[in-house]
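Have a look at the structure below, then the notes.
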Amino acid sequence: MGQITLSGVTKRFGETEVIPPLDLNIEDGEFVVFVGPSGCGKSTLLRLIAGLEDTTAGHISIDGKDATGLPPAKRGLAMVFQSYALYPHMTVRKNIAFPLRMAGMAKDEQDRRVEAAAKVLNLTSYLDRRPGQLSGGQRQRVAIGRAIVREPAAFLFDEPLSNLDAALRVGMRLEISELHERLKTTMIYVTHDQVEAMTMADKIVVLNAGRIEQVGSPLELYRTPRNLFVAGFIGSPR
Ligand code: ADP
Ligand code: MG
């Protein structure tokens, strides 16, 4: 579960081709980081995978099945939004259970999943609080909890830490990496931050104007950047 293949995936907004035909394979369990400068198409690519945008051309398959036309809810993936997407009037428990409630899941199964997610995220003693009574890091964990309860084939993160202060960001990076080690679920993580990419990724996808400049492990990209763009972006010595 969690193998994702893009074949010739293309996105145009009107006349503008934001993603020229692109091929990419993501293996089950990989932590993949999409990195590149602002406006290069990272969010668009993630939203195409999530089904939040329609592809102009090409195909997306998830675990060997064609998912190209499927709505987001049918793809078995979970997008983690920034913590400000929480509902302020709902308790942590209700916030985390929200997608399950929407799906009409039985209450006892909802409870079981929320308790399990809270345990993984060290939120058990905060379940009856509201987001306003939590720290920034705790709020971000609630946002992740809301994804975990869906037991997705992959987690999709779009710059989830960009509105946290620098110290908290470092801590949350470690928490997300640890979560990946525990769950071993595919994660796709979008960032414009090279340090985040280099420290978190199994595989980095360097994007520039919607094109893949290079795909490789952090060490491969550092040692053998394919071109000056990658070298400059990764901070490689050559
Ligand atoms: P990134 O996440 O890397 O900063 P985006 O994927 O948000 O980049 O945007 C890539 C390009 O697509 C940008 O030029 C942006 O202006 C354009 N774009 C994104 N969404 C839309 C949209 N809904 N309509 C028109 N253009 C868009
Ligand atoms: Mg973006």
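The values are calculated or read from the model by the stated rules, or taken from the named source; none is laboratory data. Remember, it's a predicted structure, so these values are computed and weren't measured experimentally. When we count neighbours, we look across all protein chains shown, and the Cβ atoms used for this are built from the backbone with ideal geometry, even at glycine.
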Q: Scan region 27-61 residue by residue and report those that are more than 13 Å from the chain's Cα centre (by Cα) and β-branched (Val, Ile, Thr).
A: THR55, THR56, ILE60
Q.
Give all pairs with beta carbons closer than 6 Å in which a residue from region 33-53 that is within 12 Å of ligand 2 (Cβ to nearest atom) meets a residue that is among the basic types (Lys, Arg) and in a helix (DSSP H, G or I); count only pairs at least 6 apart in sequence or on separate chains.
A. PHE34/LYS42; GLY36/LYS42
Q.
Considering only residues that are without any contact (Cβ under 8 Å) to a residue 12 or more places away in the chain, over 26 Å from LEU46 (Cβ atoms) and in a helix (DSSP H, G or I), which ones fall in region 80-109?
A. LYS94, LYS107, ASP108, GLU109
Q) When residues of region 126-182 are filtered for being within 16 Å of ligand 1 (Cβ to nearest atom), outside any loop (DSSP other than H, G, I, E, B) and hydrophobic (A, V, I, L, M, F, W, C), how many remain? A) 2
**Q.** Residues satisfying the stated conditions in region 136-183, i.e. surrounded by fewer than 15 Cβ atoms within 10 Å (Cβ to Cβ) and in contact with an Asp or Glu (Cβ under 9 Å, 6 or more places away or on another chain)
**A.** SER162
Q: Among the candidates GLY58, GLY2, GLY51, single out the residue that is modelled with pLDDT under 95 and crowded, with 17+ Cβ neighbours inside 10 Å.
A: GLY2
Q) Pick from SER217, SER177: which is in contact with a helix residue (DSSP H, G or I) (Cβ under 6 Å, 6 or more places away or on another chain) and of a type in the set (Gly, Ala, Ser)? A) SER177
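Here are VAL18, VAL114, VAL9: which of them is more than 16 Å from ligand 2 (Cβ to nearest atom) and touching a Gly at 6+ places or on another chain (Cβ under 7 Å)?
Matching residue, one of VAL18, VAL114, VAL9: VAL9.
Please pick out the residue among ARG113, ARG75, ARG93 that is surrounded by 15 or more Cβ atoms within 10 Å (Cβ to Cβ), basic (Lys, Arg) and more than 21 Å from ALA154 (Cβ to Cβ).
Going through ARG113, ARG75, ARG93 in turn, just one is surrounded by 15 or more Cβ atoms within 10 Å (Cβ to Cβ), basic (Lys, Arg) and more than 21 Å from ALA154 (Cβ to Cβ): ARG93.
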Q. Out of region 31-66, which residues are more than 21 Å from GLY2 (Cβ to Cβ) and touching a Phe, Trp or Tyr at 6+ places or on another chain (Cβ under 8 Å)?
A. GLY36, PRO37
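Going by the structure shown, is ALA73 under 24 Å from GLU181 (Cα atoms) and assigned to a helix (DSSP H, G or I)?
no
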Q: Would you mind finding the one in LEU46, LEU86 that is closer than 26 Å to HIS192 by Cα and more than 16 Å from ligand 1 (Cβ to nearest atom)?
A: LEU86
Q | Of residues in region 187-230 being of a type in the set (Ser, Thr, Tyr) and free of Cβ contacts under 8 Å to residues at least 24 places away in the same chain, the one farthest from ligand 2 (Cβ to nearest atom) | A | THR224
Q) Which one is farthest from LEU179 (Cα to Cα), of the residues in region 116-128 that are over 22 Å from the mean Cα position of the chain (by Cα) and surrounded by fewer than 16 Cβ atoms within 10 Å (Cβ to Cβ)? A) ASP128
(Q) Please pick out the residue among MET187, MET198 that is assigned to a helix (DSSP H, G or I), under 18 Å from PHE31 (Cα atoms) and in contact with a helix residue (DSSP H, G or I) (Cβ under 8 Å, 6 or more places away or on another chain). (A) MET198
